[in-house]
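The values are calculated or read from the model by the stated rules, or taken from the named source; none is laboratory data. Everything numeric in this text was worked out from a predicted model, so none of it was measured. A quick note on method: Cβ atoms are made from the backbone with ideal geometry, for glycine too, and the neighbour counts reach across all protein chains shown. Note: accessible area is taken over every heavy atom of the protein model, side chains too, but ligands, DNA and RNA are not part of it. Shrake-Rupley method; radii C 1.70, N 1.55, O 1.52, S 1.80 Å.
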Amino acid sequence: MGAQIVTLNLTKLYDGLKSGMADAQDDPWDVVELFKLYEFQKYASVTEHSWSGYNLLASQKIWQGLPPDVQRVIETNTKKYVALQRADNDALNASLRADLAKRGMVFNEVDKASFRPVLAAFYPKWKAHIGTRAWDLLEAQVGHLG
């Protein structure tokens, strides 16, 4: 997409922005707030191009050894608490965005659909990498990609 990538450890990001080694960064609002990146980064483009979540993992052998009713309880509570965590995260992002705007950051709402044609070759590669089931779940949330 024309950007020159600079890889920095998160602990070096503040100094990288301050020195001009990097012009911008790609992190959620809580990282911008926590590391005070707003001191050197005035603009934030709202692309919503990535998402980070938590994974619940279990040994397949142990999982299959659990009684079906216990599996259902775990699955039900996982869905419930994932929804609560996502709602908390959405509320945090909204409040942080307002706080960052008060600190002088300017938020640019971008035309997200304009990224899709540029990424046409990217989508098939990642669909093959993560598999059809995961890709279908993704597209159910964001719409058709590629």
For this session: Note down all Cβ pairs under 7 Å where the first residue falls in the range 77-105 and is within 13 Å of residue 36 (Cα to Cα) and in contact (Cβ under 8 Å) with a residue 24 or more places away in the chain, the second is open to solvent by less than 70 Å² (accessible area, probe 1.4 Å) and of a type in the set (Ser, Thr, Tyr), and they're at least six residues apart or on different chains.
Result: 100/38; 103/38; 104/38; 105/38
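Conditions tested, residue by residue: (1) touching a strand residue (DSSP E or B) at 6+ places or on another chain (Cβ under 6 Å); (2) farther than 30 Å from residue 145 by Cβ; (3) open to solvent by 100 Å² or more (accessible area, probe 1.4 Å); (4) outside any loop (DSSP other than H, G, I, E, B).
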| site | (1), (2), (3), (4) |
| --- | --- |
| 7 | no, no, yes, no |
| 53 | no, no, no, no |
| 64 | no, yes, yes, yes |
| 77 | no, yes, no, yes |
| 80 | no, no, yes, yes |
| 84 | no, no, no, yes |
Problem set entry | Residues within the range 94-120 that are over 18 Å from residue 27 (Cα atoms) and open to solvent by less than 50 Å² (accessible area, probe 1.4 Å), tallied | 1
For this session: Note down all Cβ pairs under 6 Å where the first residue falls in the range 117-146 and is without any contact (Cβ under 8 Å) to a residue 12 or more places away in the chain and within 15 Å of residue 51 (Cβ to Cβ), the second is surrounded by 10 or more Cβ atoms within 10 Å (Cβ to Cβ) and not aliphatic (A, V, I, L, M), and they're at least six residues apart or on different chains.
Result: 135/127
For this session: State all residues of the range 16-50 that are in a helix (DSSP H, G or I), open to solvent by less than 60 Å² (accessible area, probe 1.4 Å), touching a residue at least 40 places away in the same chain (Cβ under 8 Å) and not hydroxyl-bearing (Ser, Thr, Tyr); if no residue qualifies, say none.
Result: 29, 32, 33
Exercise. Taking the range 66-75, which residues are among the β-branched types (Val, Ile, Thr) and either open to solvent by less than 80 Å² (accessible area, probe 1.4 Å) or part of a loop (DSSP other than H, G, I, E, B) (or both)?
Worked result: 70, 74
For this session: Answer yes or no as to whether residue 18 is closer than 20 Å to residue 142 by Cα and either more than 15 Å from the chain's Cα centre (by Cα) or not charged (D, E, K, R) (or both).
Result: no
